[in-house]
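Here the structure comes first, spelled out in structure tokens, and everything after it is commentary.
Derivation of every value follows stated rules applied to the coordinates shown; laboratory data play no part. Because the structure is predicted, anything quoted here is derived from the model rather than measured. All Cβ positions, glycine included, derive from the backbone under ideal geometry; neighbour counts span all protein chains shown.
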Amino acid sequence: MSILGRILLVEDDPRDVELTLTALDDYKLANEVVVARDGQEALDFLNCRGRFLDRPHENPAVMLLDLKLPKVDGLEVLQQVKSDDRLKMIPVVVLTSSHEEQDMLRSYKFGVNAYVVKPVDFHEFVNAIKELGVFWAVINEPPPGSIKR
Amino acid sequence: MDLSAYNFGFDREHAGSVRSTALRYGLSVVCVAIALGLALIITLGLSLILQNDASRDTALPLFTFSIAITAWYAGIGPSVVAVVLSTLAFTYFFEPPLYTFYLYSNDIPDIVLFVAWGAIVSSFAAVRRGVENSLRQARDRLQLEVEQRAQQARILDQTHDAIFVREMNGAITFWNRGAEERYGWRRDEALGNITHTLLQTRFPEPLAAINQQILLTDRWEGELVHTTRDGISIIVATRWALQRDDRRRPIAIIETNNDITVRKSREGEVLKLNQELAIRAGELEVSNKELESFAYSVSHDLRAPLRHVAGYSELLQRHASTLFDEKSHRYIQTIVESSQRMGNLIDDLLSFSRIGRAETKKMQVSLEQLVREAVAEVNQDAGGRDIAWKIGALPVCSGDRAMLKLVIANLLSNAVKFTRMQPLAKIEIGCVDASQDDVEMFVKDNGAGFDMQYANKLFGVFQRLHRTEEFEGTGIGLATVQRIINRHGGKVWAEGAVDQGATFYFSLPKVHSAAERTANSS
């Protein structure tokens, strides 16, 4: 596979996936992205299970995590990642539609690295995604054990 | 009462002893004198008629009798006097040699007789007096006790509680006025009746169990249902006390009953209201939870498709920009703007609903400080416009600081927005000391104003009195203001006229010092 998978995008809505990839494509980051369509798949990827059994045992440089997900929801994924010694260094950015204070509080309590509400306006949305992608995948120095560029 | 009774007995006893001291010795002298007189007369008569000297045999019983009388009625001292006098008189007049006090040895038995007789009789008298005395004392004590009992009975009689005494077989032996009033039977009607039959008593537990307890502990209390003479059922709080005799055998039960029918029915009402309240609170909580999950899903699920509408419209515009004419571009632009606007409406609605759900944290808030902060923020957004602020003295009030800040910020940004057309915007903030309990604050501007005809629509959710082209906004600001002020127990209202500015008022409860509050409540 040519996909490096430095950015793990956990998003169930295909339209949101497409819009996010479009935004990241402007900076040629789209081929860095692995998409997990629910929480279970995300955990499978991180733990190299199921579909991802053969992938190299390295962590993504960042995980963009939606909160409302089928099967295992986003907060649950976040909690599992942050309580797993091998995974807890992965920077996690919650990317959600929700303005709800509850979600924000709980996310930070579980140790999220950033919390971003998806703007309705497309330009703002594209800018937000781009900045996130560039910051975490390009500018930020990922922790040891992450997939190298 | 009992003191005077005691004095009365004491006085009578005292008077008796005085009387006897004066008369007792007189009695002994008189008795002996009478005996001597009678003896002399009889002796004289007998000597004349029978020519026989039987004087000694006649005199002896007379003197003995006089000693006996004295000893019986006057006691030991006078009887000694009587013995001495009798001996002297007898020796002088009737013992040979006559008319001398000379004694032969054969006279000694007579004297011994006098003394012995006097001693016997006076000792009998002493015993009698002792018995009399103790009898009198016993009588006095009894009288005292009767007096006390009667008084206790009168006190029992006067109490409001229904009190009655029943024997162990249930027969009523005492029935106070409280019982007469409560149950309707007069004392003479109630006495002798069997209590539980008369009152149709209903017990909270089997009577056998109650009887067992009262025999064990001498006491029982509980609640009974009694039926009055008029056939009305009443609930009484009852206290039973067992009375026992000297040998600890139960003899009677004193029953004190207090009518608690009204209290019970009130308690029942309160209980019912409390239950209803609990149910309501539960329902409210459920509906609050529903509202919360509704708001949550609106927040998550309603915004996503909007974002897609906006996003794909943009992508379409990008991909097909060469194919579209100007009209198509405008259509696409309108789609994008509308979804943007819809997003704003959803956000506003959500934050409005959050205000309704959030807890208010009451504290002392300086309105003046809030206004200064809000003015600074609003001025930044005003883009260097010339605004004449006039801020009066503002008090401290009690409320949630963040919420009240939102109120003031909303009112001030409205004032700034609606004075946009004015060359010089004037915004005045002040306070009216309306009443003792409330603070009334106002924000007055010289802006676009409004028609008083529509004043009732000002505070509605998404209600707008101006066109979007004139003044932007979703129409949530004043609804938020009203919701916050209502949650603080205050009111909002507005005055204005088209193109002549508007004044928005709100009232808040004042902060009272603790001392003031205590003074008011007492």
Take peptide B:302-309, look around each residue's Cβ out to 10 angstrom, count Cβ atoms belonging to other protein chains, and average those counts.
6
Cα to Cα, under 20 Å, and not fewer than 8 places away if on the same chain: which lysines meet these conditions relative to residue B:264?
B:272
For the stretch B:437-444, Karplus couplings with θ = phi - 60° (6.51, -1.76, 1.60), whole Hz, Gly/Pro x
9, 10, 9, 10, 10, 9, 10, 10
10 Å-binned pair-distance histogram of the protein assembly as shown (Cα, whole percent):
3, 9, 11, 10, 9, 8, 7, 7, 7, 5, 4, 3, 4, 4, 4, 3, 2, 1, 0, 0
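Stretch residue B:101-residue B:278 to full length: gain in nm at 0.36 nm per residue minus the Cα-Cα span?
Taking 0.36 nm per residue and subtracting the Cα distance, the gain is 52.0 nm.
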Cross-link candidates for residue B:426: which lysines have Cα within less than 16 Å, leaving aside residues fewer than 8 places away along the same chain?
B:390, B:417, B:444
Using per-residue counts of other Cβ atoms within 10 Å, averaged over each peptide, order B:210-216, A:37-43, B:315-321 from highest down.
A:37-43, B:210-216, B:315-321
What's the center-to-center distance, using Cα atoms, between the stretch A:16-35 and the stretch B:260-316 in Å?
40
From the Cα centre of the stretch A:70-88 to that of the stretch B:168-245, the distance in Å is 73
Give me, ordered by chain and number, the residues 5 or more places off residue B:252 or on other chains with an amide H under 5 Å from its own placed amide H.
B:243
Checked against a 19 Å limit on the C-alpha separation, the offending pairs among B:405/B:510; A:118/B:361; A:28/A:130 are A:118/B:361
Could you state the number of Å between the C-alpha centres of the stretch B:463-511 and the stretch A:111-132?
34
Using θ = phi - 60° and the Karplus relation 6.51 cos²θ - 1.76 cosθ + 1.60, list the HN-Hα couplings for the stretch B:266-281 in order, rounded to whole Hz, with x at every Gly or Pro.
5, 4, x, 4, 4, 4, 4, 4, 4, 5, 4, 4, 4, 5, 4, 4
If you plug each phi of the stretch B:102-107 into the Karplus form 6.51 cos²θ - 1.76 cosθ + 1.60 with θ = phi - 60°, what whole-Hz ³J(HN,Hα) values come out, in order, with x for Gly and Pro?
6, 10, 8, 5, 6, 7
Label-zone membership for the stretch B:242-257, site residue B:158, 7 angstrom Cα→C-beta point, backbone N under 15 Å
none
For residue A:90, other-chain or 5+-apart residues with amide H closer than 5 Å (H placed, Pro excluded) are none
Take every Cα-Cα pair in chain B and report what % of them are more than 37 Å apart.
69
